[in-house]
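The structure under discussion appears below in the form of C-alpha cells.
Read-outs throughout are calculated quantities, based only on the coordinates presented, and are distinct from any laboratory measurement. The structure displayed is predicted, hence computed values, not measured ones. Cβ placement follows ideal geometry from the backbone for every residue including glycine, while neighbour counts extend to all protein chains displayed.
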Amino acid sequence: MKMTYTIEQLKDYLKKHDIKPSTIRIKVLEYLLNNRIHPTADDIYQYLINEIPTLSKTSIYNTLDLFLEKGVVSTLSLKEKELRYDINTYLHGHFKCEVCGKVYDFPVTYKILDVNESKEFTIKSIDINAYGICKKCNEKINKEEK
Ligand SMILES: [Zn+2]
Ligand SMILES: [Zn+2]
C-alpha cells in the first residue's frame, strides 16, 4: 500500500515535531512514510541520490539524528551491523526473516508484557524482536523440498 503525501502535509508533519522543513528533511520523511521497510541510512541515501545529486551521506545521518531526537523515527534493535529506522514509533514487535533478511512488523499489546503493574520502572521504550523464517521463504523452501 503506497500512500502519497503533499509537500504541505510533509511540512506540517515536521513542524508538529518541532523541525524546520528543508528539502532534505522533507525528502527523507517522504521516503520513510512511503517505504515502510525499516530502511538503513544507506537505503535512504541510495534512493535519494537519484533525486538530489548533490546529496551527502552526512546530511542523511544528520537528518536521521534529528528525527530520532524529535521522536519522528525510532531505531530497531536487531542483531545487525547497520541501524534501521522506523517511522512507526508506536509499540510493535519486529520479526526478522533469517533467510531473506526482511523485517516485518507485528502487533504487540502492553498487556502481555506484564509491565503496566510495575511501579518500579518508568518505561520509555520497549524492544521486541523475533527471528525466524517468513511466510514467503517458507513457501519457497516447501516447494524446493517437493
Ligand atoms: Zn523471508
Ligand atoms: Zn517497525
**Report entry** Linear extension gain, residue 129 paired with residue 91, 0.36 nm per residue minus alpha-carbon span
**Finding:** 12.5 nm
Report task. Using only the alpha carbons of the chain, determine the length spanned along each of the three principal axes and report them from longest to shortest in whole angstroms. Result -> 50, 49, 28
**Report entry** Share antiparallel - DSSP beta bridges, the chain, percent rounded to 5
**Finding:** 65
Report summary line: Full extension between residue 46 and residue 143 adds, at 0.36 nm per residue less the Cα distance, a length in nm of 31.5 nm
Requested in this report: Pull up the DSSP beta bridges for the stretch 90-145 and report the antiparallel fraction as a percent, rounded to 5.
Outcome: 55
Query raised in the report: In this model, which of 27/140; 11/79; 11/135; 20/119; 57/124 are farther than 31 Å apart at the alpha-carbon?
Result: 27/140; 11/79; 11/135; 20/119
Report task. For a quick protection proxy, order the peptides 107-113, 43-49, 24-30 by their average other-Cβ count within 10 Å, most packed first. Result -> 24-30, 43-49, 107-113
Query raised in the report: Name the chymotrypsin sites (Phe, Trp or Tyr not before Pro) in the stretch 61-99 that are in a loop by DSSP and that have at most 12 other C-beta atoms within 10 Å, would you?
Result: 90
Report task. Starting from 0 in steps of 10 Å, tell me what percent of the Cα-Cα pairs of the stretch 7-73 lands in each bin. Result -> 21, 60, 19
Report summary line: Straight-line reach check, residue 143, cutoff 19 Å on alpha carbons, 8 or more apart in-chain or any other chain, hits among aspartates and glutamates -> 98
Report summary line: For the stretch 90-145, the convex hull over Cα atoms projects on average to an area in nm² of 4.8
